[in-house]
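Before any comments, here is the structure.
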Amino acid sequence: MRRANEHTLIGDLAHEAVDTPGYEHRAGWELLRALPVFSDQLGLSGKADLVEVQRDPVQGRILQARPVEYKKGPKRKFDNDDVQLCAQALCLEEMLGIPVTAGMVYHVTSQRRREVVFNPALRQSTLDTLTKLKALIASKAIPIAILKPLCDGCSLREVCMPESAHYQQTSLYEPRSL
C-alpha cells in the first residue's frame with residue numbers, strides 16, 4: 001500500500017490533468033488521456049498517461065502514435081522511465097498495428113518534453129526487463145530490499161523496510177541472532 005508523501009502528492013498533482021480519461025485536439029494531434037494499453041503477446045497491460053495520434057483525414061485510421069509519460073522531476077540517471085515508455089509503445093504497436101518509433105517524457109517541474117527514440121537497444125532492454133519481471137513473479141520469491149539513496153522519499157519505504165534486510169530470517173519460535 002502506497003503512503004502519501006511530498007513526492008507522491010506532487011506526482012499526483014502533475015498527473016491530475018492526464019489521469020482523467022478523455023480526448024482533445026491540439027496542433028493536428030488527437031490527445032487521448034489515461035488510455036488503457038495492452039499486449040497479449042507480451043502479457044502486458046497498463047495505462048498510458050497520454051497518447052498522441054494523427055489520423056488519416058479521409059479514412060480516420062491512425063497513421064502515427066506516440067506515448068507521453070508525465071514525470072514530476074528531471075531526467076534520472078537510470079533508464080526506467082524510458083523502459084516504461086517503450087513498454088507502452090510495444091503495447092500500442094500491437095493494438096494499432098503500426099510502428100511506434102518515439103515517445104515523449106514530459107517533465108512537469110521544467111515543463112519540457114524529452115523525446116525518447118525506441119531504438120533496438122531500448123526495445124531489447126525493455127524486453128529483458130519484462131523477462132526478468134515475469135521470472136521474479138513466477139518464482140514467488142520476495143527480493144531482498146537493498147537500502148539505497150533512492151529509498152529516501154519513496155512512498156513504499158515503510159512496506160519494503162530496506163533497513164531490515166540485513167537481518168537473517170528465522171522461524172517464528174527461533175531466537176534471531178544479531
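The values are calculated or read from the model by the stated rules, or taken from the named source; none is laboratory data. In this text the structure is predicted, and so the values were computed from the model without any measurement. Here the Cβ is made from the backbone with ideal geometry for all residues, glycine too, and neighbour counts use every protein chain on show. Ligands, DNA and RNA are excluded from the accessible area calculation, which covers all protein heavy atoms including side chains. Shrake-Rupley method; radii C 1.70, N 1.55, O 1.52, S 1.80 Å.
List of remarks:
- 22 Å Cα-Cα reach of Lys75 towards lysines, excluding residues that sit fewer than 8 places from it in its own chain: Lys47, Lys148
- Contour minus Cα-Cα distance for Asp56 and Leu150 (0.36 nm per residue): 29.4 nm
- Per residue accessible area of the stretch 31-99, 1.4 Å probe, in Å²: 51
- An oblate overall shape is assigned to the stretch 66-165, the ratio a/c of its alpha-carbon gyration tensor axes (a ≥ b ≥ c) being 1.5 or greater and a/b not exceeding b/c.
- Label zone at Glu30 (point 7 Å along Cα-to-Cβ), backbone N below 16 Å, the stretch 52-82: 52-67
- Extension gain from Thr20 to Thr129, taking 0.36 nm per residue of separation minus the Cα-Cα distance: 36.4 nm
- Spacing of the two label points (7 Å from each Cα toward its C-beta) at Val117 and Met161, in nm: 4.7
- With a cut-off of 14 Å between beta carbons, the residues surrounding Met95 carry a summed charge of 0, where Lys and Arg count +1 and Asp and Glu -1.
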